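Structure first, commentary second.
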Amino acid sequence: MPDRGATAPNPHSPFDPGDKTRAYRFVIARTPVAGQRSRNRGATKTDRIAAAVLRAAGMEPAGGGRGHYNPERTRRLMDDVKTLARVYLRSQGAHETAGPGGWLRAPIAVVLDVFLPPPQNMPHLHQLAEPFLVGGFGEGGRSWGGDWDNFAKPICDALNGVFWRDDREISDGRVRKYWKPASRAEPFYILWARERLPGTYFDPFGEG
């Protein structure tokens with residue numbers, strides 16, 4: 001069954017180990033991509049057919065079925081993530097359906113940890129024993145590794161119909177960018193996803 005954090009709590013988990021709502025911890029062994037914004041184009045026959053299939057399943061296609069273009073690198077990542085997620089669910093004894101053992105139910109909380117390769121000109125970061133939060137700016141004043149929100153969009157879109165019905169059901173989301181530890185040869189992601197208990201507003205930093 002999906003990991004509920006009930007036995008040995010992971011010290012890196014962003015979720016309360018005492019929370020018994022259904023949860024997934026999904027390691028994505030792929031190089032993180034800061035997905036570019038989709039660019040609108042005219043709907044093709046394939047787009048229209050795909051939109052009809054999604055609507056028949058009770059889901060609204062992105063862009064209303066008008067057709068959106070994702071750069072090739074982002075598309076490949078999304079295809080890989082969907083395939084890996086299906087394998088992961090089978091390993092957890094779950095399946096891609098609504099209800100127990102399948103899709104997470106709204107409201108959903110998601111934390112995406114992004115583990116990036118350190119810059120070549122910062123050799124001290126290549127010896128890290130533990131992940132280290134990314135900070136500061138790179139060349140030209142740009143944020144290291146890409147904007148945080150651009151990492152989340154392709155992953156959450158790829159998991160539509162696999163982890164959840166639609167990523168619109170995510171009402172609590174967070175992205176954390178780290179330099180990867182030296183023990184990991186390649187960059188990767190960890191996605192933490194959990195059904196949240198409905199509740200009122202709270203201060204996420206506990207400042208009153």
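None of the figures in this text is laboratory data; all of them are computed from the coordinates on show. Worth saying up front: this structure is predicted, and the values here are computed from it rather than measured. Glycine gets a Cβ as well: all are built from the backbone with ideal geometry, and neighbour counts include every protein chain shown.
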FRET efficiency estimate (nearest 0.05) - Cβ-Cβ, residue 83 to residue 21, R0 25 angstrom: 0.40
Nonlocal amide H pairs with residue 132, under 5 Å, H built at 1.01 Å: 179
Under-5 Å amide H pairs with residue 161, H placed in peptide plane, nonlocal only: 166
